[in-house]
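The values are calculated or read from the model by the stated rules, or taken from the named source; none is laboratory data. Keep in mind that what you see is a predicted model, and the values were worked out from it rather than measured. Please note: Cβ atoms are built from the backbone with ideal geometry, for glycine as well, and neighbour counts cover all protein chains shown.
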Amino acid sequence: NIPEEVKIKEVGPRDGLQNEPEIIPTEEKINWINALSNTGISYIEISSFVHPKWIPQLSDAFEVGRGIIRNPNVTYAALVPNSKGLERALAVGIDEVSVFMSASETHNKKNINKSIADTFPVLKEVAETAKQEGKTVRGYVSTVFGCPYEGDISFNKLLNICDKLFEMGIEELSLGDTVGVADPLQVSRLIKDLSDRYSAQKFALHFHDTRGTAMANVLAAMLEGINTFDASLGGLGGCPYAKGASGNLATDDLVYMLHQMNVNTGVNHHKLIEAAKLIQRSLAKSLPSRQMQLISHE
Ligand code: HMG
Ligand code: MG
């Protein structure tokens with residue numbers, strides 16, 4: 001059995017652009033997010049309120065947040081690493097705040113400059129304040145399926161992180177295959193194991209397609225009851241602080257597959273492709289997704 005409906009969370013404007021060598025003009029990001037807002041997608045991660053020195057590509061998060069035309073049917077979210085980032089996110093009236101950390105000590109340190117133990121109080125403060133401000137809070141755990149520095153991640157370590165984040169009142173946890181090493185059997189095993197403690201509805205899966213396994217992993221996750229996936233239009237993406245990280249699962253390819261299987265996404269595939277062409281023009285390179293490659297050969 002697979003879910004009849006899948007919710008797609010578009011992370012391209014954040015995860016996609018953070019790894020591009022080019023810095024896209026703010027106006028073009030805004031136009032792209034506006035186009036995405038009219039595709040039927042119900043969730044867009046628009047940027048990241050991290051330190052601008054760490055991710056210069058997203059240093060205009062405030063201007064982007066202020067500049068977009070909000071569609072009331074869309075939840076607009078952003079990454080927030082700490083209270084300083086939260087202040088900036090609240091100032092643009094973000095709908096949902098996404099805190100993030102890694103299941104790997106080394107990746108956590110490289111990515112947010114702290115040990116895992118020192119990260120919890122920082123995220124807790126963000127989550128508590130965000131909730132007091134009426135925001136929902138999402139959590140990300142990176143390198144769940146393997147770390148480029150540490151290799152395998154123990155299940156108990158992951159479970160402990162999940163417990164801590166859910167205790168903070170995080171509504172949904174996105175499990176990240178940061179460097180795209182997961183395989184479908186590993187995915188189903190992990191979800192089964194987590195299901196002993198938490199409902200599958202508490203999790204989203206966030207696949208990078210570095211080794212071509214992302215779509216197979218989606219199907220494996222759906223068969224275990226997961227119905228929320230992060231994806232990036234055109235297959236852009238990657239974490240600059242994870243060696244070897246590359247593009248996310250492509251939203252356009254995912255929507256194609258789901259619609260072929262009669263799984264409802266609420267997204268208009270044609271409008272999605274039109275939005276992808278916009279960002280393709282800005283980046284002046286062809287996007288890696290299969291759908292965009294197909295078009296480029298037409
Ligand atoms: P730090 O240097 O340890 O920060 O960086 P700090 O708290 O020591 O502060 C140092 C200075 O930075 C201070 O300024 C702060 O005010 C300022 P000073 O007093 O010296 O003038 N500062 C800030 N300024 C603006 N906005 C802020 C902010 N915070 C501090 N938010 C920090 C720690 C977390 C900020 C830094 O490491 C950082 O920004 N890291 C972000 C890295 C990142 O964005 N990585 C990619 C996203 S994660 C990912 O891609 C994975 C994911 O996709 C899932 C998956 O695929 O697995 C989510
Ligand atoms: Mg990612």
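Return the residue satisfying two criteria in turn: it lies in the range 241-263 and is more than 20 Å from the chain's Cα centre (by Cα) and not in a helix (DSSP H, G or I), and of such residues it is farthest from Ala182 (Cα to Cα). It comes out as Asn262. The residues on offer are Ala221, Ala200, and the sole one that is crowded, with 17+ Cβ neighbours inside 10 Å, within 30 Å of Gly169 (Cβ to Cβ) and within 16 Å of ligand 2 (Cβ to nearest atom) is Ala221. The residues of the range 284-298 that are in a helix (DSSP H, G or I) and buried (at least 19 other Cβ atoms within 10 Å of the Cβ), listed by number, are Gln291, Met292. Among the residues making up the range 169-189, those that are over 24 Å from Pro121 (Cα atoms), of a type in the set (Gly, Ala, Ser) and either touching a His at 6+ places or on another chain (Cβ under 7 Å) or surrounded by fewer than 19 Cβ atoms within 10 Å (Cβ to Cβ) (or both) are Gly180, Ser188. Of the residues making up the range 63-74, those that are touching a helix residue (DSSP H, G or I) at 6+ places or on another chain (Cβ under 6 Å) and surrounded by 16 or more Cβ atoms within 10 Å (Cβ to Cβ) number 5. The condition (being in a helix (DSSP H, G or I) and modelled with pLDDT of 95 or more) is satisfied by just one residue among Ile279, Ile226: Ile279. On the given criteria, is Ser47 within 16 Å of ligand 2 (Cβ to nearest atom), touching a residue at least 40 places away in the same chain (Cβ under 8 Å) and either touching a helix residue (DSSP H, G or I) at 6+ places or on another chain (Cβ under 6 Å) or not in a loop (DSSP other than H, G, I, E, B) (or both)? No; evaluated as a whole, the condition is false for this residue. Just one residue in the set Phe166, Phe120 is buried (at least 17 other Cβ atoms within 10 Å of the Cβ) and either more than 16 Å from ligand 2 (Cβ to nearest atom) or closer than 24 Å to Ser47 by Cβ (or both); that residue is Phe120. The residue pairs whose first member lies in the range 254-269 and is under 17 Å from Ala220 (Cβ atoms), whose second member is outside any helix (DSSP H, G or I) and of a type outside the set (Phe, Trp, Tyr), and whose beta carbons are closer than 6 Å, counting only pairs six or more residues apart or on different chains, are Leu254/Ala231; Leu258/Val6; Leu258/Thr265; Val263/Val6.
Filtered by the rule that a residue be hydrophobic (A, V, I, L, M, F, W, C), buried (at least 19 other Cβ atoms within 10 Å of the Cβ) and either in contact with a strand residue (DSSP E or B) (Cβ under 6 Å, 6 or more places away or on another chain) or touching a residue at least 60 places away in the same chain (Cβ under 8 Å) (or both), the range 25-44 gives Trp32, Ile33, Leu36, Ile41, Ile44. For the range 240-298, give me each residue that is more than 30 Å from Asn108 (Cα to Cα) and polar (S, T, N, Q). Scanning the range 240-298 gives Gln260, Asn262, Asn264, Thr265, Asn268, Gln280, Ser282, Ser286, Gln291, Gln293, Ser296.
For the range 114-138, the set of residues classified as free of Cβ contacts under 8 Å to residues at least 24 places away in the same chain and over 20 Å from the mean Cα position of the chain (by Cα) consists of Lys114, Ser115, Ala117, Asp118, Pro121, Gln132, Gly134, listed by residue number. Condition test on Val141, is it more than 29 Å from Leu86 (Cβ to Cβ), within 16 Å of ligand 2 (Cβ to nearest atom) and within 17 Å of the chain's Cα centre (by Cα)? In short, no.
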